[in-house]
Amino acid sequence: MTQRPDIPLPPPKERRRLREAGALTQAQVAAQVGVARETVRAWESGRTTPHGRKGEAYARFLESLTTPSAEPYEEPAAPRTAAGRTGRHRQPSPSAIATAEAPEPSDTLTPAQAFDALYAFCAPALVRQTYLLSGRRELARESVERAFQTAWQRWPEVAVDPDPASWVRATAYEYALSPWHRFRPRYRHPEPPPADAADRALLDVLLTLPPSYRRTLLLHDGVGLGLPETAAETEASTPATANRLLHARQAVAARLPGLADPAALHQRLAEVASAERLRAPRPPTVRLGSERRARFWTRAAIAFTVTIIGATALTVRTAPTRYEPPVPPGETVQGIPPRVAPGTLSDKELKLRKKLRSGTAHGPQRLLPESR
């Protein structure tokens with residue numbers, strides 16, 4: 001049995017160019033080839049190289065994009081299996097906590113329209129993710145709003161990012177996991193827990209995990225990222241990310257044995273996130289808040305700079321223009337008695353004066369000069 005040689009593939013940048021030239025998203029390419037969206041993203045970034053049947057299907061698909069007259073290659077889709085849970089929880093949608101495919105940038109959209117499109121795709125799922133990450137509803141809304149405000153302030157950088165959804169998600173996660181929230185008065189008191197006992201148990205287990213383990217578990221088993229993508233987003237190595245994911249799954253399985261299967265854990269995370277009524281603000285409100293924050297900090301920076309300039313000018317105006325050496329302290333000169341400062345006489349001096357005065361009255365007669 002001989003192995004079929006792999007069909008030559010174009011470079012990673014050319015793969016992405018061909019996809020964008022065909023006005024296709026990574027999710028559409030993944031559906032045509034029969035792989036995950038993260039796999040297509042890894043192929044286009046050059047982290048991995050397709051092989052085997054998937055590689056051949058991907059090569060034929062790219063070849064169909066280079067020839068406009070040819071029909072696009074379609075891989076027969078695998079049959080879907082119904083993996084729904086029956087019970088008190090409603091079946092969540094596939095995008096309950098997984099961020100949808102971000103819209104591709106288009107030259108016909110204004111920056112505000114492109115931002116609103118990204119917000120509409122990512123914000124609803126991102127609010128649920130940050131709720132599972134922090135356990136607080138208000139903090140989840142605030143984290144997502146602050147992340148998109150930062151994205152709007154740095155929109156030229158975010159707009160050209162290969163994956164703007166990951167950029168915003170990482171910013172929201174960093175804000176939600178900030179340890180400084182514990183010093184805020186409004187976050188010193190716990191929020192009401194979920195109404196269902198099973199949801200409370202899962203949320204309690206998640207909050208007992210270290211923040212890095214919790215974030216890794218949510219990205220891999222909740223959002224559905226691959227291990228390399230999770231490692232890149234958490235800024236850790238792939239072995240460290242695998243160890244965090246393993247220990248997090250063991251901790252959850254020790255408290256909740258029914259969630260030892262990653263698929264069951266993913267389903268329960270989606271159910272807990274969709275059970276809460278979490279609503280993100282509207283995109284114009286976020287953009288307006290971002291512009292207000294930018295104006296406030298700009299004015300604060302200007303006021304601080306003016307204060308520093310004024311203090312410097314005052315110091316230069318009032319500072320001495322020449323050096324004045326300090327006056328040294330006095331020293332005692334040996335052999336010369338110190339001069340006594342005028343003041344009241346001591347008891348010893350009073351006795352001596354009294355003795356002298358009393359002695360002169362009974363002494364011999366004094367010789368006084370006479371004038372002639």
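Can you list the HN-Hα couplings for segment 117-127, worked out from phi with the Karplus curve (6.51, -1.76, 1.60; θ = phi - 60°), rounded to whole Hz and with x for Gly and Pro?
5, 4, 5, 5, 6, 9, 4, x, 6, 5, 5
Rounded, prolate or oblate: which one fits segment 112-264, using the alpha carbon gyration tensor with axes a ≥ b ≥ c (rounded when a/c is under 1.5, else prolate when a/b beats b/c, else oblate)?
In terms of gyration-tensor shape, oblate.
Give the ranking of V168, V160, V327 by solvent-accessible surface, highest area first, calculated with a 1.4 Å probe.
The ranking, largest first, comes out as V327, V160, V168.
Ignoring ligands, DNA and RNA, what percent of the 1.4 Å accessible area of segment 103-153 is carbon and sulfur?
With neighbouring chains kept in place, the figure for segment 103-153 is 53 percent.
When we measure straight from the Cα of K54, which lysines land under 20 angstrom away, once same-chain ones fewer than 8 places off are left out?
K13
The values are calculated or read from the model by the stated rules, or taken from the named source; none is laboratory data. A quick note: this is a predicted structure, and the numbers were derived from the prediction, not measured. Note: areas computed on protein heavy atoms with side chains; ligands, DNA, RNA excluded. Shrake-Rupley method; radii C 1.70, N 1.55, O 1.52, S 1.80 Å.
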